[in-house]
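Here's the structure we're looking at; comments come further down.
Where a number appears in this text, it was derived from the coordinates with a stated rule and is not lab data. A quick note: this is a predicted structure, and the numbers were derived from the prediction, not measured. Because the Cβ atoms are built from the backbone with ideal geometry, glycine has one as well, and the counts that use them run over all protein chains shown.
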Amino acid sequence: MAARGFFVCRAVGGLSPSRWRPKARGAAAGLRPGPGSAARAACEAGRLDPVQKVLTPVYPLGLDRLRWDDRSVDEVAFAFGRTERTVDEDRMSRFFDRLDLTWSESLDANSEQRSAFRDRLAERYRGGTDAMLMLHVCAWEAAQWADEAIETALRDDSDPAEFSKYYRVIRGLFARTMLAFDEVSWLLRGGYPNGAHARVRTMHELFVIASVLAKHASPGAGHPELVDMYVRHHEVFTRSVADEIMATGVLDPEEYFDAGTLTALDAKREELIGLYGNRFKSMCGWASPLFPDGKPISMARLSGLVTNKLNYFYGLSSSHIHGGSQGWHDNFVTRGEQTALACGPTNLGLAVPGQLATEFLLGVLNVTIPSRISRKGKVDDTGALFMAGIQRIADRVIEGLASGERRVEEEERAFQAKRQKRVDV
């Protein structure tokens with residue numbers, strides 16, 4: 001398959017701001033370790049203030065300076081990597097002058113182009129995206145009510161600690177789900193369905209974990225130990241994270257990872273394995289009590305404890321997350337007789353990730369919002385009203401996104417028919 005260009009903004013229906021012409025973009029930026037890299041390993045060892053010492057500096061890894069041997073094809077040689085030292089200094093200076101001179105004009109033109117594209121996108125999908133906003137608002141209101149109602153009800157319980165500890169984890173999973181849902185909403189408004197699929201995958205995992213804990217670790221269930229095992233699971237990987245950080249070279253091992261620190265991290269890891277078993281050090285090892293067969297625990301197996309219907313949807317996002325060949329194939333875009341590689345927003349494919357995100361949010365809400373609270377002979381069913389209203393809004397999300405996509409597809413068919421008619425004439 002031959003690709004003739006890169007689509008920066010891809011829109012069917014004759015609405016593409018790039019006019020289907022190849023565009024060039026470039027940017028350079030430094031990397032900073034996130035709060036799960038250096039901060040996790042060193043801070044847990046009591047050696048580091050992550051805000052002051054890790055997250056503030058920018059550590060350029062020099063990936064743009066990597067060089068490869070020249071690639072020769074018959075009489076032609078290609079040199080990849082940074083080669084500015086081979087360019088005459090005066091010529092480079094003139095190039096930078098021209099670049100600076102056209103910066104404002106180019107920025108204004110491209111910003112206007114993107115804004116016009118997203119205005120058209122918003123007009124077509126507004127029914128769905130507006131409903132996503134209201135779904136997020138109402139879910140938050142329901143969670144606020146549930147938090148206060150549960151706290152009030154537990155005052156009459158003789159031993160509220162166990163439920164409080166369990167529900168604290170559920171609240172955290174719900175908050176992460178809400179954040180990911182909001183991110184999906186903004187990615188769809190920007191025209192990035194692939195990025196939305198990546199966040200939907202996170203929501204999928206959060207739904208599975210919350211459901212497994214609700215079924216097997218809530219008070220009265222068979223494995224209340226899963227609550228602590230889930231909360232502490234990340235600690236078993238801290239020692240290996242320290243090794244990975246040292247390999248980057250961004251921190252001085254003598255300052256942050258001396259022998260005492262590494263010994264403490266090793267001891268913590270062994271303590272956890274001794275407490276929860278050898279399988280605890282695997283990726284889903286916190287759920288090992290639910291799988292006594294000793295086989296590896298994948299997300300698919302964990303998901304099977306909830307439902308067997310989700311594996312396809314989990315795999316659906318893989319090509320958008322990983323660098324495998326499926327994503328390479330999926331990134332070819334064909335329109336009429338033209339084929340190119342997409343590298344920017346689109347107005348197609350937005351409905352499915354939005355619909356999946358909505359379903360997973362509803363799933364997590366089901367274990368977060370109590371539909372009934374019985375206390376002192378009285379029943380409070382406010383939660384049932386909340387969930388009914390939320391379901392009604394969710395239906396609007398799904399229909400609104402589907403309607404927007406149908407409109408875009410209809411416009412594309414009309415555009416192609418009109419275009420073909422001109423060609424025939």
When region 245-334 is reduced to its Cα atoms, the Kirkwood hydrodynamic radius in Å: 17.1 Å
Given backbone amide H placed at 1.01 Å from N, residues whose amide H is under 5 Å from that of Arg375, ignoring those fewer than 5 places away on the same chain, are Asp380
Could you tell me which trypsin sites (Lys or Arg not before Pro) in region 349-378 are loop residues by DSSP with no more than 13 other beta carbons within 10 angstrom of their beta carbon? Arg372, Lys376
Within 10 Å, count the other beta carbons around each residue, average over each peptide in 174-180, 414-420, and list them highest first. 174-180, 414-420
Would you mind estimating how fast region 338-406 diffuses translationally, via Stokes-Einstein at 10 °C and 1.306 mPa s with the Kirkwood radius over Cα pairs, in µm²/s? 108 µm²/s
So what's the gap between the Cα centers of region 287-317 and region 94-148, to the nearest angstrom? 36 Å
Give me Arg413, Arg85 ranked fewest to most by other Cβ atoms within 10 Å of their Cβ, as a rough exposure proxy. Arg85, Arg413
Debye intensity ratio I(q)/I(0), log10, region 126-280, q values 0.20, 0.21 Å⁻¹ (C-alpha model): -1.17, -1.22
Within 10 Å, count the other beta carbons around each residue, average over each peptide in 106-113, 91-98, 224-231, 380-387, and list them highest first. 224-231, 380-387, 106-113, 91-98
Given points 7 Å out from each Cα along the Cα-Cβ axis, report the Glu225 to Ala264 separation in nanometres with one decimal. 2.8 nm
Dimensions of region 80-156 along principal axes (Cα, Å, largest first)? 80, 34, 24
Approximate spin-label separation Lys165-Phe80, in nm, with each point projected 7 Å along Cα-to-Cβ: 5.3 nm
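Of Lys165/Lys309; Lys165/Lys215; Lys165/Lys378, which ones are farther than 23 Å apart at the Cα?
Table pairs above 23 Å Cα-Cα are Lys165/Lys309; Lys165/Lys378.
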Residue by residue, what Karplus-based ³J(HN,Hα) values in Hz, rounded to whole numbers, does region 348-364 have, using 6.51, -1.76 and 1.60 with θ = phi - 60° and x for Gly and Pro? 10, x, 7, 5, 4, x, x, 5, 5, 4, 5, 4, 5, 4, 4, x, 6
